[in-house]
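The values are calculated or read from the model by the stated rules, or taken from the named source; none is laboratory data. If you're wondering where the values come from, they're calculated on a predicted model, not measured in any experiment. With ideal geometry, Cβ positions are generated from the backbone for all residues, glycine too; neighbour counts draw on all protein chains shown. For accessibility, only protein heavy atoms count, side chains too; no ligands or nucleic acids. Shrake-Rupley method; radii C 1.70, N 1.55, O 1.52, S 1.80 Å.
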Amino acid sequence: ELKSHLIKMIRENPSFLKSLAQVIMTVPMPLGFFKNFIVEKNGKYKNTLSIKNYGLLPLTACTKLLSFQNGIIQTNTLERIKRLNKKKVVKIDQTEFLEQSFETFLTLKIRNNLSDKDRGRDFSNRIDPAALTTRQKQLLKEAFLAVSELQKTTQDMLKVDKQNFL
């Protein structure tokens, strides 16, 4: 009942989703011009990037925003992606790309957390791309590209003007 009420309120106030989307559109993908990873250059997190901030957060946020716009009340990200496909918001190719991306981010995050635990370090959402295998690097790049494409889809669907970004 609460979910249905929320969807109704969102439909009555379309500027709400648009304002949330403006924030998520400002999250850059950590890939350079030649698709090299952009990592922190200095400090505690030197040579790392955040899977959560650059991958999981924009993927789940865009999926959630598009789901709210389309009256989808599911809370599971993978289920939302499937429902968005059924409503023809995202095409089948993009659906598969997004599902694989979500799984890639989670798998790398879990592996990183296990490694942190083994080394006696606090869990982090940061990885060093140089420590990944060639295949893992390829999957991570593809995952970030899928998120970038989802950001564009979200921008188009919610009619977010680039000049209004924060």
Note on the stretch 87-103: residues in contact (Cβ under 8 Å) with a residue 40 or more places away in the chain and of a type in the set (Val, Ile, Thr) are 89, 90
Scanning the stretch 39-63 residue by residue, the ones that are in contact with a helix residue (DSSP H, G or I) (Cβ under 7 Å, 6 or more places away or on another chain) and under 14 Å from residue 21 (Cβ atoms) total 6
Output for Cβ contacts, cut-off 6 Å, separation at least six or different chains, first residue within 19 Å of residue 143 (Cα to Cα) in the stretch 35-46, second among the small types (Gly, Ala, Ser) and modelled with pLDDT under 95, reads 38/32
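Every residue, every condition in (1) in contact (Cβ under 8 Å) with a residue 40 or more places away in the chain; (2) β-branched (Val, Ile, Thr); (3) within 18 Å of residue 25 (Cα to Cα); (4) touching a strand residue (DSSP E or B) at 6+ places or on another chain (Cβ under 9 Å), yes or no:
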position	(1), (2), (3), (4)
50	yes, no, yes, yes
61	yes, no, yes, no
65	yes, no, yes, no
84	no, no, no, no
127	yes, yes, no, yes
131	no, no, no, no
135	no, no, no, no
150	yes, no, yes, no
Of the residues in the stretch 35-53, those that are in a helix (DSSP H, G or I), open to solvent by less than 80 Å² (accessible area, probe 1.4 Å) and of a type outside the set (A, V, I, L, M) number 1
Worksheet item: Regarding residue 109, is this residue at pLDDT below 95, surrounded by 14 or more Cβ atoms within 10 Å (Cβ to Cβ) and of a type outside the set (Gly, Ala, Ser)?
Response: yes
Checked 154, 75, 63 against criteria (closer than 30 Å to residue 12 by Cβ, hydroxyl-bearing (Ser, Thr, Tyr) and outside any helix (DSSP H, G or I)); the one match is 75
Over the stretch 70-100, the set of residues open to solvent by 60 Å² or more (accessible area, probe 1.4 Å) and either within 19 Å of residue 153 (Cβ to Cβ) or over 18 Å from the mean Cα position of the chain (by Cα) (or both) is 73, 82, 83, 86, 87, 88, 91, 92, 93, 96, 97, 100
